[in-house]
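Report on one structure; see the data block that follows.
Every number in this text was worked out from the coordinates using simple rules, so none of it is lab data. Quantities reported herein were computed from a predicted structural model and do not represent experimental measurements. Every residue, glycine among them, receives a Cβ derived from its backbone with ideal geometry; neighbour counts consider all protein chains shown.
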Amino acid sequence: MILSTLLSLAIAQSEARLEDALAAGRALLGQPYQLGGRLRKPGEGADCEAVVFAVAEKLTGCGWKSFPVDPTKLLATRALGDRVKGLDPVATKDLDLSALRPGDVVLLVAAAQNPKEGPIGRLGDHDVWVWHTGVFTGDGRWLVGDHFAGEVVEVPLLPYLEEHADSYEGVFILRPAGRRPPVCRRHPPLTPPASK
């Protein structure tokens with residue numbers, strides 16, 4: 001009985017922390033897209049990683065500078081979570097949204113090579129690189145600092161992937177694992193200008 005109660009309490013706390021983390025990401029909705037943007041000064045926008053880092057800050061208690069910006073380093077350090085077997089990567093046409101959980105980090109992949117880092121995995125018979133990222137929020141939607149929309153949006157994931165099939169051919173999913181990154185830095189969090 002006591003163990004069951006403690007387990008229920010731990011699950012409720014975890015769910016509340018996830019909701020707080022998704023709320024931190026949603027606080028960026030409508031912020032203008034800016035490559036490399038981290039809302040550090042007035043007028044600076046947010047890019048796709050800023051949204052992911054805003055959620056990760058709330059989940060881990062570590063500032064956004066604690067997380068590598070290169071996807072292959074994120075994967076190697078497991079700073080944002082663990083790869084999800086079968087979704088590491090998976091082609092858009094084979095993506096089953098029921099396998100995703102709110103809070104999952106969604107990395108969009110393509111065969112176009114990134115000269116700054118190596119491939120994150122193989123899709124079919126070829127290597128793929130990460131070119132965009134966001135956070136799955138549930139109900140088939142994801143939260144993303146989107147260069148196509150020009151701002152931070154929360155939109156259905158599958159239609160997004162289909163609309164941009166010329167840019168991305170699949171996804172690679174990382175699932176938050178409830179641990180802090182190897183180096184936990186403390187600094188002001190990513191917040192929209194009105195909240196600062």
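Values as computed for the structure displayed
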quantity: Amide H within-cut-off set for Gly170, under 5 Å, with H built and near neighbours excluded; calculated: Thr92, Val109
quantity: Computed magnitude of the charge dipole of the chain (debye, nearest 20; Cβ of K, R +1, Cβ of D, E -1); calculated: 1100
quantity: Where Rh is the Kirkwood radius over Cα pairs, Rg/Rh for segment 46-136; calculated: 0.95
quantity: Potential extension, Lys41-Val69 segment - 0.36 nm per residue separation minus Cα distance; calculated: 8.1 nm
quantity: Using θ = phi - 60° and Karplus 6.51 cos²θ - 1.76 cosθ + 1.60, couplings along segment 116-123 (whole Hz; Gly, Pro as x); calculated: 8, 7, x, x, 8, x, 10, 10
quantity: Considering only the chain, percent of DSSP beta bridges that pair antiparallel, nearest 5; calculated: 95
quantity: Whole-Å distance, taken between Cα centres, linking segment 15-29 and segment 131-196; calculated: 12
quantity: Listed peptides 147-159, 113-125 by packing density, highest first (mean Cβ within 10 Å); calculated: 147-159, 113-125
quantity: Scattering profile of segment 98-196 at q = 0.14, 0.16, 0.18 Å⁻¹ [log10 I(q)/I(0), Debye over alpha-carbon scatterers]; calculated: -0.65, -0.84, -1.02
quantity: Whichever lysines have a C-alpha closer than 26 Å to that of Lys41, once near sequence neighbours (fewer than 8 apart) are set aside; calculated: Lys58, Lys65, Lys196
quantity: Neighbourhood net charge (10 Å Cβ-Cβ; Lys/Arg +1, Asp/Glu -1) for Gly138; calculated: 0
quantity: Segment 15-177, Rg to Rh (Cα coordinates; Rh as Kirkwood inverse mean 1/r); calculated: 0.93
quantity: Cβ-derived FRET efficiency at R0 25 Å, Ala99 paired with Asp166, nearest 0.05; calculated: 0.50
quantity: Unmatched cysteines, the chain - criterion: no other Cβ of a Cys under 4.7 angstrom; calculated: Cys48
